[in-house]
Structures are given as C-alpha cells and as structure tokens.
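Peer 1: I have a structure I would like to understand better, so I am pasting it below and will then ask my questions one at a time.
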Amino acid sequence: MINQPQSLADNEKWLGRAMIAPAIVYIAALVGVPFFLALYYSVSDITVGSKEMSFIGLDNFRHLLHNRTFLRALRNTFIFAFVSQALVLVLAKALALSLLRDFRGKWVVRLLILLPWVAPISLGSIGWLWILDSVYSVINWSCRALGIFGPMTWPIWLGQPTLAMASIITVHVWRLLPLATVILLGGLTSIPQDIHDAAAVDGAGFWRHNFQITIPLVLPIMLVAMLFGVVFAFTDMIVIYVLTRGGPYDTTQVLASLAFFTGIDGGDLAAGAAIALFLFPVLAVSAFLLLRLARRTEVT
Amino acid sequence: MSAGMYKAKAWGVKGANFGILAAFIAFTAFPFYWMLMTMFKETRDLMNPNHNPYLFHMRPTLEHLRVLFFDTLYLQWLWNTAFVGFLVVLITLVTAIPAGYSLARLTGKTGERLGIGIFLTYLVPPTILFIPLSKVISSVGLQDSLYSLVLVYPSFTIPFCTWLLMGFFKVIPKDIEEAAMIDGHSRLGAFWKVVMPMSVAGVLTVVIFTFTLVMQEFVYGLTFITAASRFTVSVGVPTFLVRGDVYFWGSLMGACFIASVPIAILYNLFVDRFIAGFTVGAIK
C-alpha cells in the first residue's frame, strides 16, 4: 500500500486540477469565448443572416456617438442606475434599522419584504404594468378618491416621458430594495453591542451615533450592496422591456434594451454588440472596487 | 425620567418602527396582493371605472384561472421551466461540487485567486453575451430548442454555485477527512464518503438557487426561443400573454402570482445562505 505509486485519487495536485477543470472549461467556453466574440463583432459588420463578416474598425462606435437614440439610452442608463441606487441605499438603511430588533412574526414580514427580489422580475413587472395601466391604474383611482388628484388629473404613467422614467426608477427601487436591505442587515448585526453601548454612555445622540459610528462601520458592506445594485440596475432590460419597450419615442431606452432591439429584433448584431460593450467600463470598475474591498478586509 | 416616561418612549419607538415596516410592506408586497385580487375578479368588474377596485362587486370567479390553464400554453411553459431547471441543476451540481471542493482544499493560493476570478464572471451580464451567443447557438443548430437554454444557463449558475459550495466545504474541519484517509480512504474517497454526506445542506441550497436563477432568467430565453410552445414561464407570460391589444388581466395576474409566490417562499428559506455567499464571499 505504502510503496504503491500514488493514484490520481490521492495525488492532491492533479486531483485539484482535474476537479476544477470542467467548471473552468464551461465558463471559458460560454462566458470567455462569447465575450471576445462580442469584442470582435463590435468592430465588424455582422448581421443575423450573414455568413461572412468583414472588419470595419471603429465605424460602429463612430455611428453610435452620432445617434441620438443611443446617446439618450446612454444617459438614461446612468440616470436609472444611480438615482435608483441612491434611493435604495437610503431606504434600505431605514428598513434594515427597523428590522434589527426581534419581534413576533418577523419571518412573515421578511418574506413580504423579500418578495420583489425573489419573484421573477419579468412577472413582477407585469404586476406593475397593471398597477400603472393608462385607464385602470389603481394609483390614479386611489388618488382621485382621496382628493389628491382633481377631476382633470389623470396621469398616463407609462405614456409620458418623465412619468415613464419615474415609473421605471420606482420599479427598480422596488426590485433592488430587498437585496440591499438584507445585505445591510447582515452588516448591522455584525457590529458588537459594546460599541453601541459605549456610544450611548458617551452621550451620542441619534444622528451622531448614526453618522459617526454605524455608517462608518457598515460602509464596506454598504459599498458591496451598492456595487451589486448598480450592476443589476445598469445591465437590466427586463423592467424596460415589459413596461415601456423603451417608449414613448425611445425616451426610456437604456443600453441593454437598445442592444436587444438593435441586435436581435433589428438583426444588426454588430451594432448591438457595440452598444452592449458600453456597459463594460462600468462593470470593470465595479469588479475592481469589489476586489479592492476584498483585499482591504483581508488585511484587517 | 420616571419609569412611566421610559415606558412611553419605548412604546413610541415601537410604534414608529411598526409604522415604518407597514409602509415598506405596503410598497414591496402590494403588486402581489394586487395580482391576487385581480385574478379572482370578473372582467366586467375590473373594467368598470366606477367600481372601487379594492372591493369585489361581483362574486369571485375562477374563470381567469380556467382560461389560463386550459386555453393558453401556461402549463406547457411551467413544464418547460421545470425541464430546463432539472437539467441545469444536474449540470451545475456535477461541475460545481468538484470545483468548489478543489478551491476549498486542493489548490491553495492559486485557487484563491482562481475562485475570485470565477466569482467575478458572475458580474458579466447576459446583456454583453447574448448577441454573440445567439450566433453560437444557431451555428450549433440549437435555436428555438430548450437545449439552448440547458447549454447556456450553467454559464451563470456554475460560477455562483462553485463559490457558494467552496464556502460550505471550507467550514468542514480538515481532521475529519484526514481521519478517513488514515482509515484507508483515498483523497477522493474521503471527499465522496465523508465530506459529501456532511454537505447536504450546501447541495440543497445550490439546487434551490440554480432553480430560481433558471426561473428568473429572461434575456437568453427571449433571444434564443421564438416558438411560443417552447418558452419558459418568465418569458412566455410577458411576451405571449401581453402581446396584442387585448389584455386578459385576470389570467395574466394569475399567471404571475402562481409562478412567483411559491418559488419566493422556497427561496426565502435559503436567503440567508445566499446573502452570506454574496457578501462574505465577496469581501473575504
């Protein structure tokens, strides 16, 4: 037994490599390869039907930068992601604080708060489509019944550019709030009670306590919540696809939805790929920041 | 301050807390409550602007659900989702379990970097990949086939599940495997006979997450599939039931409610582990 040459089942080095190989191959083939294909497509003239493609340099990008729909989509993408994240962080902090203490029936409350995150977003968005309906909107009905809207006021939530943008931001906030809340809650519960007690003994009031103790301590985890939220909001096209399809008149188009409508519905794969690639810098920055955070927490 | 004032203040804090929570729940859960109300209401009741939408003016009806289950492809879509989900779970388990173990025990410092690298691929969104993948799928002849989804979905379930399982394997004490190896098991044998039975909870978590990720996926499903009978539920309902000018709101809301709430409850049971994988994983 002892003198036998080591079999693969015992050789840690080779066993380790063999066990991780399938995962690496799968990811390389279906994330790595398509990613480089996307880079290549963006400098080509490929369409859905074409058998051949030729290199056309940066023409796709040059055309995009003169395309008003694209510029609008680029701007919208940033507005949607950052406005919704700012709202999510403030709301999530408030919600996490009120979920901190234990009470009876907490699990039901948590389930109800988590629903938007755990239910498929394409289906949740349809719920909103009905709530924001142009004729039967329950919001309009309620506001009129309560006297908030006069007899002449009847907003068409998804049909007017500003209202449509506000509606989409609301649905993003609705969708991402639960995730940020649960992440923050994890951060808040990990602060030792001693620190809170010491601050109370020293006479720190609510705001001071919040801004000088709680927030600095949960800052790294808040950043994690924010980065994931930005990535989700930035790359999402589902909410837009279901609620407005980018309308009215492309005023709510974002990069992801425009890439879909151009590349798949329109068949211009090259332009679609070029549009989607504009998302990449933001993702790269997010990944970089996450790694920085990882390193910092490792040191301390 | 007297004891009474303390008590009053405590009640005040409790009351404020309760109010905040109630407001948030109204925001997060209202669309689902609204789905539930709508799916049982007569269309004539829904479409009468003079009716208070919060009340039933006619007897609740099951007609919308009958239409949904018998006159649409809804059951077929649910079945498609289950079929794809099952196969993706299988592929994910077969690749992510060994990979997670390898990262946790066998690859050392390089493995740690590799692990972070694998996790970061989770950040590469379908939005960048769906255009080249659509070409790849059609060149291998899988367009309009459920197998295109079976092939592509593991590309986002494997990274996340590998990462999650690595965390599970790391907390199992090394002594247990070493004892098994002294007893004559090989390294692989120790993993299979000793570590795996202790990791049932981790594997179960992976199964649930993989399934919910499959259920939530939309972009690839929309891109690769065009035949209505081969949609998954998250694509079929918004594209096929919504398209056209006539909205069958009752059936539509029923479709959304039935497909989302059970999976939400299931997911809820595992959400803490999920968040641990998300954050501790990301920052440690």
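Peer 1: Amide H to amide H under 5 Å from A:Ser44: which residues, 5+ apart in sequence or cross-chain, H placed 1.01 Å off N in plane?
Peer 2: The list, which skips near neighbours in sequence, is A:Ile56.
Peer 1: Turning to a different aspect of this structure: Along the positive direction of the dipole of the stretch A:66-299 (beta-carbon charges: Lys, Arg +1; Asp, Glu -1; about the Cα centre), which of A:Val118, A:Ala92, A:Leu74 reaches farthest?
Peer 2: The residue sitting farthest along the positive end of the dipole is A:Ala92.
Peer 1: Something else about it: For B:Thr61, enumerate residues with amide H under 5 Å from its amide H, sequence gap 5+ or separate chain, H modeled in the peptide plane.
Peer 2: For B:Thr61, whose amide H was placed from the backbone, the distant partners under 5 Å are B:Lys41, B:Glu42.
Peer 1: Using a basic spin-label model with each label point 7 Å from the Cα along Cα→Cβ, how many nm lie between A:Leu291 and A:Val25?
Peer 2: Modelled inter-label distance: 2.7 nm.
Peer 1: Which of the helices in chain A, when you take each full DSSP H run, stretch at least 20 Å along the axis at their Cα atoms and have an average Kyte-Doolittle score of 1.6 or higher?
Peer 2: Membrane-span-like by this rule: A:215-235.
Peer 1: Hand me the trypsin sites (Lys or Arg not before Pro) from the stretch B:9-56 located in a DSSP loop with no more than 13 other Cβ atoms within 10 Å, in residue order please.
Peer 2: The qualifying sites: there are none.
Peer 1: Oh, and also: Would you look at the GNM of chain A, springs on alpha carbons closer than 10 Å, and say which of A:Leu177, A:Leu30, A:Leu123 moves the most?
Peer 2: Evaluated over chain A, the most mobile residue of the options is A:Leu30.
Peer 1: Which FRET efficiency, nearest 0.05, do B:Met196 and B:Ile265 yield, Cβ-Cβ r, R0 25 Å?
Peer 2: Once the sixth-power term is evaluated, E becomes 0.35.
Peer 1: Quick one: Cα centre-to-centre distance for the stretch A:45-64 and the stretch B:43-89, in angstrom?
Peer 2: Result: 44 Å between the Cα centres.
Peer 1: Okay, next question. Points 7 angstrom from Cα along the Cβ direction at B:Leu90 and A:Leu39: gap in nanometres?
Peer 2: Rounded to a tenth, the inter-label distance reads 3.6 nm.
Peer 1: Compare B:Thr43, B:Thr110, B:Thr162 in a GNM of chain B, Cα atoms joined below 10 Å, and give the one with the largest fluctuation.
Peer 2: Of B:Thr43, B:Thr110, B:Thr162, the most mobile in the Gaussian network model is B:Thr110.
Peer 1: Extension gain A:Leu100-A:Phe211, at 0.36 nm per residue separation less the Cα-Cα distance, in nm?
Peer 2: Value of the extension gain: 38.2 nm.
Peer 1: Per DSSP H run of at least 4 residues, take -39500 (n - 2.57); add these up for chain A, divide by its residues and hand me the 222 nm value, nearest 500 deg cm²/dmol.
Peer 2: Value at 222 nm, helices only: -21500 deg cm²/dmol.
Peer 1: When you look at the Cβ of every residue in A:94-106, what mean number of other chain Cβ atoms sits within 10 Å?
Peer 2: Whole-number average of other-chain Cβ neighbours for A:94-106 is 3.
Peer 1: State the Cα centre-to-centre distance between the stretch B:209-273 and the stretch B:13-32 in whole Å.
Peer 2: One Cα centre to the other: 27 Å.
Peer 1: Rank B:Val233, B:Val94, B:Val206 by mean-square fluctuation in a GNM of chain B with C-alpha springs under 10 angstrom and give only the top-ranked residue.
Peer 2: B:Val94
Peer 1: Related question: DSSP loop chymotrypsin sites (Phe, Trp or Tyr not before Pro) in the stretch A:1-107 with at most 15 other Cβ atoms within 10 Å of their Cβ, which ones?
Peer 2: Answer in residue order: A:Phe103.
Peer 1: Let me ask something additional. Checking understanding here: applying a Kyte-Doolittle mean of at least 0.5 and a length along the axis of at least 15 Å (C-alpha), which whole DSSP H helices in chain B pass?
Peer 2: Membrane-span-like by this criterion, though nothing is claimed about a membrane: B:3-39, B:74-101, B:126-139, B:154-170, B:200-216, B:249-283.
No value in this document is a laboratory result; all are computed from the given coordinates. As the structure is a prediction and not an experimental result, all values here were calculated from the model. As a convention, Cβ positions derive from the backbone with ideal geometry for all residues, glycine included, and neighbour counts pool all protein chains shown.
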